[in-house]
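What follows is a single structure, written as structure tokens, with notes after it.
The values are calculated or read from the model by the stated rules, or taken from the named source; none is laboratory data. Being a predicted model, the structure only gives us computed values, none of them experimental. When we count neighbours, we look across all protein chains shown, and the Cβ atoms used for this are built from the backbone with ideal geometry, even at glycine.
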């Protein structure tokens, strides 16, 4: 689809004069208001009143009526003219003579030319003076010079002259700069510093020199087969325009350059960085001049005058977007200069154009550009979500924009079911919505969160769980529940129910996954379910599922009680006694729960400690009976640890049970708790022959006690070894562990008491380590006592000095 920037509409289709002047040819035109001025080849200036008509179909047409004509020179053509509305004067060049005419009646000011030997002239397009009723012109004289004048309605004042190196063919003036075509080159002259800079050369035998002012700081020149741009600094900042036809006249109407040839009117956009092709070509045979004036653009042939009406930029953008020329459309819209729109109204239209462009990029899978435009145009995110079937929540009342921003039904239809493209589109939406959500500036949270949940279920089930657990989603729960059920994302479904405070439904779904009614590999198994129950405040639901969980795995299942907050233990339904009574039908569970109370929570209640010990005893007897040695030893180890660490159980009760169960090590521990150390050591040494256990017993039972208690306990162990009532063979057997004990733990004995009971037949050499250690310990104690005494004396002296200093002070009454 071609883009039309202008429409060519006839104003005067055939120029007619009275009598013998009927064959006059048009040389130049200008327009001011609704009056059209025509300069002819035989020296006439003709004025026409122009009337614009808009038909019911929207078509535009013009009618004209000749109102005056004036002969300037019978035999010479009107070369150029300028209608100056500010001073109500018409400036005319004919036969090298410069005239100033009254615009209303075409009478010549002063009845004669103002200047002679004039080659051409132009008006300064950016002239500003305090006096708004004057203009500035630049006149080319035959003597290679430029002359600057200001012209008002009653006088013409000479300002300055500028001399150049070659004869001047054509000029354009804007502000303080004059661009001139000399015989073989274009130059630019700065009136402020009086400097001339060469721009481009050209072949004057091949082309017509033409200059067009683009802005206050830029000109366009016809050079060979291209149009060259140049700034007032002499720099070309735009790509040259490649003319399709030889140019005889130029005009600029933002953002378009129009070039007139003998056959067509060429239209180029200065926003196009390539400039290789014309944006539009309007057939126009016999073109003579092209002029931009206050009333618009006019083009003339030898016998007709047409106006070029710009097609509204919005219509051009629509055509470009329909042709998927998105960059051109955006560029045109961005650089539009709508005078009939307010700033806010323009921005609203521009954002809509960006949105349309974004959807075009989206359709082409150019997601980076699409996202950039979606974000900067602030598109309603629901418009994007609606492209994905069933991603909008059922509760949403959203309807797509009218008129539509795109013609996409949905992504499946758009990409013809191509799964890779659909998945890429889903990933695009996922990242877009996630970033919008994290920015905190997003509206329509329900639509965004619902779409995100569905996207995660399609693309990344692992992130779906984290998304729901985060607890900040505002999705349509009913819609999302149906979706997750269809997608068989049962674990996520249960999480969603829990998020929606429907714990009963969540537990029901999880229980079905555990039993195998539902299958979901993303579920974390029974431990996760137990943790959920442990965190529940609805105790009735906990008890409802307790048998279900413990029936599957007692060890894991008891976590519904052991993982609970301690605050819950104050309620009747979660009191430890209630739980223990319930767990008696689960042997492993009740032990684990009591271990939790006694060993982890350190609850100081005798019944729990005694109960746990009794359960250990029952299991020990059971394992011994069935021959499970590993479990037997492990349980005995737990029992010994409990008996050693706890002081809250009923010792006498357990002591009888230990003796009945023939558990000597455990019995020894209980004798230790009763401070009956000799009985305990007799069991460890006499019954078990476990000398290292006896030594460890002394260490354990003397921890936290003073040195005298420790000395006495180790002395009791030594006297057990050296008991004179023992048989000689037994005393001989105990001699070695006794000596080893003395030599290893000399510091734990009172050496004097030891020396009193040592057998006389023991060698001194064998006891040398003990004697050295005892001596070293004695010397250490002696030195420490001396040091303590010295420190005490020092402290006493400091106190005396402080008292003396206090007593020296005077007391003021």
ask   = Does segment 438-445 contain at least one residue that is touching a residue at least 60 places away in the same chain (Cβ under 8 Å), surrounded by 13 or more Cβ atoms within 10 Å (Cβ to Cβ) and within 30 Å of residue 500 (Cβ to Cβ)?
value = yes
message = Just to confirm my filter: which helices (runs of 4 or more DSSP H) fall fully inside segment 473-584 and include at least 2 residues that are under 30 Å from residue 447 (Cβ atoms)?
response = 477-486, 490-499, 503-515
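Residues checked against (1) touching a residue at least 40 places away in the same chain (Cβ under 8 Å); (2) part of a loop (DSSP other than H, G, I, E, B); (3) more than 60 Å from the chain's Cα centre (by Cα); (4) closer than 16 Å to residue 668 by Cβ:
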{"residue": "700", "(1), (2), (3), (4)": "yes, no, yes, yes"}
{"residue": "713", "(1), (2), (3), (4)": "no, no, yes, yes"}
{"residue": "720", "(1), (2), (3), (4)": "yes, no, yes, yes"}
{"residue": "729", "(1), (2), (3), (4)": "no, no, yes, no"}
{"residue": "735", "(1), (2), (3), (4)": "no, no, yes, no"}
{"residue": "738", "(1), (2), (3), (4)": "no, no, yes, no"}
message = Let me confirm something: among 142, 181, 172, which residue is under 28 Å from residue 47 (Cβ atoms) and out of contact with any helix residue (DSSP H, G or I) (no Cβ under 8 Å at 6 or more places or on another chain)?
response = 172
key: Residues that are surrounded by 14 or more Cβ atoms within 10 Å (Cβ to Cβ) and in contact with a helix residue (DSSP H, G or I) (Cβ under 8 Å, 6 or more places away or on another chain), drawn from segment 464-482   = 464, 465, 467, 468, 473, 475, 476, 477, 479, 480, 481
query = For residue 132, all conditions in the list (1) touching a helix residue (DSSP H, G or I) at 6+ places or on another chain (Cβ under 7 Å); (2) surrounded by 12 or more Cβ atoms within 10 Å (Cβ to Cβ) hold save one; what is the number of the exception?
reply = (2)
inquiry  = With the requirement that a residue be within 14 Å of residue 260 (Cα to Cα) and not in a strand (DSSP E or B), what does segment 199-234 give you?
reply    = 207, 208, 209, 210, 225
ask   = Taking segment 513-527 as the region of interest, how many residues are in contact with a helix residue (DSSP H, G or I) (Cβ under 8 Å, 6 or more places away or on another chain) and exposed (fewer than 10 other Cβ atoms within 10 Å of the Cβ)?
value = 0
ask   = Among the strands (runs of 3 or more DSSP E) contained in segment 96-198, which hold 2 or more residues that are modelled with pLDDT of 90 or more and assigned by TED's automatic domain parsing to the domain that holds residue 230?
value = 118-123, 134-141, 145-152, 156-163, 170-174, 177-181, 185-190
key: Search result, residues across segment 83-96 that are under 20 Å from residue 25 (Cβ atoms) and either touching a strand residue (DSSP E or B) at 6+ places or on another chain (Cβ under 7 Å) or without any contact (Cβ under 8 Å) to a residue 12 or more places away in the chain (or both)   = 90, 92, 93, 94, 96
query = Just a yes or no: is a residue in segment 320-333 surrounded by fewer than 17 Cβ atoms within 10 Å (Cβ to Cβ), at pLDDT 85 or above and part of a helix (DSSP H, G or I)?
reply = yes
remark   = Exactly one of 412, 422, 402 is over 19 Å from residue 328 (Cβ atoms) and either touching a residue at least 24 places away in the same chain (Cβ under 8 Å) or part of a loop (DSSP other than H, G, I, E, B) (or both), and that one is 402
inquiry  = Looking at segment 269-277, can you tell me whether even one residue there is under 27 Å from residue 353 (Cβ atoms), outside any strand (DSSP E or B) and touching a helix residue (DSSP H, G or I) at 6+ places or on another chain (Cβ under 6 Å)?
reply    = yes
note = If we keep only residues of segment 279-293 that are in a loop (DSSP other than H, G, I, E, B) and crowded, with 20+ Cβ neighbours inside 10 Å, then the residue modelled with the highest pLDDT is 284
ask   = Tally time: how many residues in segment 645-669 are within 60 Å of the chain's Cα centre (by Cα) and either free of Cβ contacts under 8 Å to residues at least 24 places away in the same chain or not in a loop (DSSP other than H, G, I, E, B) (or both)?
value = 1
task = Scan (1) more than 19 Å from residue 666 (Cβ to Cβ); (2) within 57 Å of the chain's Cα centre (by Cα); (3) assigned to a helix (DSSP H, G or I); (4) without any contact (Cβ under 8 Å) to a residue 12 or more places away in the chain for the single condition residue 634 breaks and write down its number.
result = (1)
Positions within segment 383-399 being in a loop (DSSP other than H, G, I, E, B) and closer than 23 Å to residue 318 by Cβ, in sequence order = 386, 387, 399
